[in-house]
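Visitor: Dropping the structure in here first, questions after.
The numbers here are math on the coordinates, done by the rules we state, and not lab data. Bear in mind the structure is a predicted one, so any value in this text is a computation, not a measurement. In this analysis, Cβ positions are derived from the backbone assuming ideal geometry, glycine residues included, and neighbour counts consider all displayed protein chains.
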Amino acid sequence: MYAVSILCDDCQGALRDISDIMTRHGARIMTVSASVVAHGDKKGLSEIYLEFRSEDGSSGSPDDRFAALFSELKGLSSVISVDTYQPLLRIFGKRVIIIGGGAQVAQVAMGAVNEADRHNIRGEKISVDTIPIVGEKDLAATIDAVCRLPRVSILVLAGSLMGGEITNSVDRVRSMGIPVISLNMAGSVAEHADLVVTDPIQAGVFAVMHISEKGVFDIKRVRGRVF
């Protein structure tokens, strides 16, 4: 995987021109995001970030493998600069998302961060993201949005009561291949999660152990269990 950040004029057709060039040079785009930015005293600029891989599966330095691609991108009249980076998965690694009430989220995060530190010391990269949020509609929308976030490997729901539309959101997340751990709480969410854990600290530990490449815990082997 490779990553490139392109600073260009915020104009119609810029992304189309960039993607056309990348396709011609055998770059298969995996992730793309764009935002309007200010650069120095210049305004009305757009930063387009793309992660891509070689269509033929070859590897090597991006500056060597895609020198012609980057040269052609820099030749576009709308492009100001082209910079290459390591992809975010290599920098931040797999991602644990924790959603729910503030007190429970904090406890799950404690377990997840401590366990992630143990694995990251040994060379892995696992990051932990949290958002304390309440209300059925807000929670359901937030859980649905997990599927649109990059690098998400597992979701932990930390709260005292979750059900209704939140349960439907949990089913949708799981259908996208993202496992869900729930605290042992009131409501129907616990019945739809892959794993239910009573101790919030242990829930965070389980989440990191599951996505770790070196851990021996596999949520598939205990799916539907309550601990």
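Visitor: Let me spell out the model: positive unit charges on the Cβ of Lys and Arg, negative unit charges on the Cβ of Asp and Glu, origin at the Cα centre of segment 60-206. What dipole size does that give, in debye rounded to 20?
Guide: Working: 13 positive and 16 negative charges, 66 e Å.
For this selection, approximately 320 debye.
Visitor: Let me ask something additional. Can you give the calculated 222 nm mean residue ellipticity of the chain, where each DSSP H run of n ≥ 4 adds -39,500 (n - 2.57) and the sum is split over every residue, rounded to the nearest 500 deg cm²/dmol?
Guide: Result for the chain, helices only: -10500 deg cm²/dmol.
Visitor: Name the residues whose placed amide hydrogens come within less than 5 Å of the amide hydrogen of Ser81, ignoring near sequence neighbours (fewer than 5 apart) on the same chain.
Guide: Leu7
Visitor: In addition: Which of Met176, Met185 comes first, and how do the rest follow, when ranked by fewest Cβ neighbours within 10 Å?
Guide: Met176, Met185
Visitor: Can you list the equivalent-ellipsoid semi-axes of segment 154-227, largest first and in whole Å, using the square root of 5 times each Cα gyration tensor eigenvalue? Before the final figure, lay out each step's value.
Guide: Values: eigenvalues 76, 38, 18 Å².
Here the semi-axes work out to 19, 14, 9 Å.
Visitor: Using a 7 Å offset from the Cα along the Cα-to-Cβ direction at both Ile91 and Val216, what is the distance between the two label points in nm, to one decimal?
Guide: 3.6
Visitor: Then there's this: Give me the one-decimal nm value for the distance between modelled label points at Asn114 and Thr23, 7 Å along each residue's Cα-to-Cβ direction.
Guide: In this crude label model, Asn114 to Thr23 measures out at 5.2 nm.
Visitor: Give the relative contact order (percent, whole number) for segment 93-222; include only Cα pairs under 8 Å separated by 6+ residues.
Guide: Result for segment 93-222 is 30 percent.
Visitor: Pulled fully out, how much extra length does the chain show between Val36 and Lys137, if you take 0.36 nm times their separation in residues and subtract their Cα-Cα distance?
Guide: On the way: separation 101, 0.36 × 101 = 36.36 nm, distance 2.94 nm.
That pair, Val36 and Lys137, stretches by 33.4 nm at full extension.
Visitor: May I ask you to give the average projected area over all directions of the convex hull of the Cα atoms of segment 93-222, in nm² rounded to one decimal?
Guide: Directional mean of the projected Cα hull area for segment 93-222 stands at 6.6 nm².
Visitor: Additional query: Please turn the phi angles of segment 143-159 into ³J(HN,Hα) values with the Karplus equation 6.51 cos²θ - 1.76 cosθ + 1.60 (θ = phi - 60°), one per residue in order, whole Hz, x for glycine and proline.
Guide: 5, 4, 5, 4, 5, 9, 7, x, 6, 5, 10, 7, 10, 10, 9, 10, x
Visitor: Treat the count of other C-beta atoms within 10 Å as a stand-in for reagent exposure and order Arg95, Arg223, Arg172 from fewest to most. Please report the intermediate quantities before stating the final value.
Guide: Details: Arg95 21, Arg223 11, Arg172 15.
Fewest to most other Cβ atoms nearby, the residues stand as Arg223, Arg172, Arg95.
Visitor: Principal axis extents for segment 133-184, Cα atoms only, whole Å, descending order, please.
Guide: Projected onto the principal axes, the Cα atoms of segment 133-184 cover 26, 21, 17 Å.
Visitor: What is the spread of the Cα atoms of the chain along each of their three principal axes, largest first, in whole Å?
Guide: Rounded to whole Å, the extents work out to 58, 37, 31 Å.
Visitor: Let me ask another. What are the residues whose amide H is under 5 Å from the amide H of Ser46, where those residues sit 5 or more places off or on another chain and H is modelled from the backbone?
Guide: Distant-sequence amide H within range of Ser46: Cys8, Asp9, Asp10, Val37.
Visitor: Quick one: what are the phi-derived ³J(HN,Hα) couplings along segment 186-197, Karplus 6.51/-1.76/1.60 with θ = phi - 60°, whole Hz, x for glycine and proline?
Guide: Once rounded to whole Hz, the list reads 6, x, 8, 4, 4, 6, 10, 7, 6, 8, 10, 10.
Visitor: Multiply the residue separation of Asn168 and Cys147 by 0.36 nm, subtract the distance between their alpha-carbon atoms, and state the gained length in nm to one decimal.
Guide: That works out to 6.2 nm of additional length.
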